[in-house]
Amino acid sequence: MTATTASIDAILRRVLQANAAFSLASGLALVLAAGPLAGFSGIEPIVLRAVGIGLLPWAAFVFHTSRRAALRRREVLVVIAGDLAWVAGTIILALAAFSAFTVAGLITLLVLGAIVADLAAAQIIGLRRMGAEGS
């Protein structure tokens, strides 16, 4: 592994770890503060809790992926696919159910979706650069 490849690997690991931390924090917030967040967002607490519970194992998977001795391309691709699915779901939800949200809830949904999109983009760039260095 060259110094450049090691640097790209370290950056991709940090992006994955940031993704895991963001997923964990979001999941915990949704589980522990579903009531207040329901009032803020307009979405029922049970829905928020269910999404939060789903984020917890996702965060563990993303963190586990980032901590492997050698990053596994397929696992990183699963993380990217999951993030892109989240972004697509965010857009669909915002368009199909916008009236269910408060204004603050809709803005928050879109901001969170943009953060996930940024994480996915950084992971795609990191994976491509690793592939280019490895060739």
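Nothing in this text is a laboratory measurement; each read-out follows from the coordinates by a stated rule. Predicted, not measured: the structure shown is a model, and the values here were computed from it. Glycine gets a Cβ as well: all are built from the backbone with ideal geometry, and neighbour counts include every protein chain shown.
Of the residues in segment 64-75, not one is in contact (Cβ under 8 Å) with a residue 40 or more places away in the chain and either under 17 Å from LEU48 (Cα atoms) or of a type in the set (Asp, Glu) (or both). Does ALA20 fit the bill of being part of a helix (DSSP H, G or I), of a type in the set (A, V, I, L, M, F, W, C) and within 13 Å of LEU119 (Cβ to Cβ)? Criteria met by ALA20.
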